[in-house]
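Following: one structure in structure tokens, then a few remarks.
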Amino acid sequence: MAKIALNGESLSVEQVLMVVNGQERCYIEPTSWPKIEASRQHIDTLVREGKIVYGVTTGFGRLSDVRIPPEDVNRLQVNLLRSHAVGAGDPFSTDVVRAMLVLRANALAKGYSGIRRETLELLIEMVNRGVHPLVPSQGSLGASGDLAPLAHMALVLIGEGRAEYQGTILNGAEALAAANLTPVTLEAKEGLALINGTQAMTAVGVLALAEAEQLATMADVAVSLTMEALRGIVTAFDPQLLATRPHQEQAEVANRVLQYLAGSQRVTVQGEQRVQDAYSIRCVPQVHGASWQALGYVRDRLAVELNSATDNPIVLEDGRVLSGGQFHGQPIAIAMDLLKIAVAEWASISERRIERLVNPQLSGLPAFLAGQPGLESGLMIAQYVAAALVSENKVLAHPASVDSIPSSANQEDHVSMGTIAARQARQIIQNALQVLAIELICASQALYLDGADDTVAPHSERMLAAIRSLVPPLKEDASISDGIRSLAEALRTGTLRSKGTAMENVAN
């Protein structure tokens, strides 16, 4: 298995995902060690000289004016982890925890944190050997970084807390021992170096972005199938028309949809059957394109944050140890709130297309796509479910970053709530994937009832086969709840697209 070098400068979203998924191991790039060790030497010197340094020879937060005697500086770091590990709620999933470990290691590899070699190496080996701390998902204000989640993560390094190893939950010491690892004894600043950062919100953000990009790709597929079912007008996707408002992403969406529809005998042009489609079809390039723009911004912000030092204080190369606000999660908080809005819009416009598919007054198809409307309800309730998910998304899409509650006796008087925003983004994505799955099921059912499979575009034919391998057409009323779940998961992981591509390759 190949390895990914961590140096604090060049880690990509894709590399994080490879490590998270177990495709790659990671290690600290050898050229990074001199800088890491130099920053540690600066800390040791300051402690020996009795200098006042926040979090090294002082207390934390509002207690930063309390001097810590030299004999207690190591104990201070252990107390920090124990006192700050007070998270609430269900634990983060394993993928989030693995991403947290990788991201924190990469931040420490920049050489601005004063971490010791043996502590950083243990952090890396926890990733490589699958020791996954149990980290409660709630309780972070997003400044001073993700204190509570990262404290739970860091406890395992000293043999405390709890961790999952090969499917079994153990205490920290047992989990390390099972993986042939040994706990470390923290020294000055190390506890603070481990927990002062944005790695929980950024870890969730990286995974959310990857899932949102899968969703975005398939949203264009969904609209093409709906256009097949409703005999949509392709004129609104004309490149020359869209060039009059030159947003690159809307042109890219339109181009993809036209490619998916190439060879269709069902889609129409302006004036052939009607002059215009409803906005939920006609304005897809503009709506989908704007959400793609938002994803671009989110990816850019995450790319910077992945390779940032988010400590306080920062150990500079000239030996100065400066306090600042590098831990503040606002850049990621705003990015995650934007991601929430972007994904919620994909679901919102999808639900409107679902309504057009199941409403006989709008579609010209059997009511609710039932074989025997009245005796059967068909996909009536599928639209209810989509509407409920979209409504839930509207609540979750309220920006978390506009809220702030002072903490630490008003010393930390503005916080980002970035981890809340990231968690909400991932929930919105899960909801939106289910809405998109419902649209695909409805479009598939509409084409089945219309006996239209031999008139659709070749791409549509292959995607219909992939969809129906998970959710066959309804020949009578039946629950499709499991089908929605399976299809949503296939959308999330990209396997539905892979199935369609595999069928395309076979056909060719």
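Please treat every number below as a calculation from the coordinates, not as lab data. Values in this document were obtained by computation on a predicted structure and should not be read as measured data. A quick note on method: Cβ atoms are made from the backbone with ideal geometry, for glycine too, and the neighbour counts reach across all protein chains shown.
Structural remarks
- Burial ordering of 358, 287, fewest other beta-carbon atoms within 10 Å first: 287, 358
- Counting every other Cβ atom within 10 Å of each residue's Cβ, 442, 283 order from fewest to most as 283, 442.
- Neighbourhood charge, 12 Å Cβ-Cβ cut-off, centred on residue 128 and excluding it, Lys, Arg +1 and Asp, Glu -1: +1
- Given the chain, longest segment not containing exposed loop trypsin sites (Lys or Arg not before Pro) (DSSP; at most 14 other Cβ within 10 Å): 52-273
- Pairs with C-alpha atoms separated by more than 30 Å, drawn from the list 394/499; 3/110; 51/110; 35/340; 3/51, are 394/499; 35/340; 3/51.
- Relative to the 2.2 N^0.38 Å rule of thumb, region 247-402 has a C-alpha radius of gyration ratio of 1.52.
- Shape of region 12-86, Cα gyration tensor, a/c cut at 1.5: oblate
- Distance (nanometres) between label positions extended 7 Å along Cα→Cβ at residue 94 and residue 398: 3.6 nm
- Rounded D (µm²/s) - region 3-197, Kirkwood Rh over Cα pairs, Stokes-Einstein at 10 °C, 1.306 mPa s: 95 µm²/s
- Three-way shape label, region 144-213, alpha-carbon gyration tensor, a/c 1.5: oblate
- Which labelled figure in (i) 66, 59, 41; (ii) 75, 56, 44; (iii) 84, 48, 42 is Cα extents along the principal axes in Å, once derived from the coordinates: (iii)
- Think of it as helices only: each DSSP H run of n ≥ 4 in the chain is worth -39500 (n - 2.57), and spread over all residues that comes to -18000 deg cm²/dmol at 222 nm.
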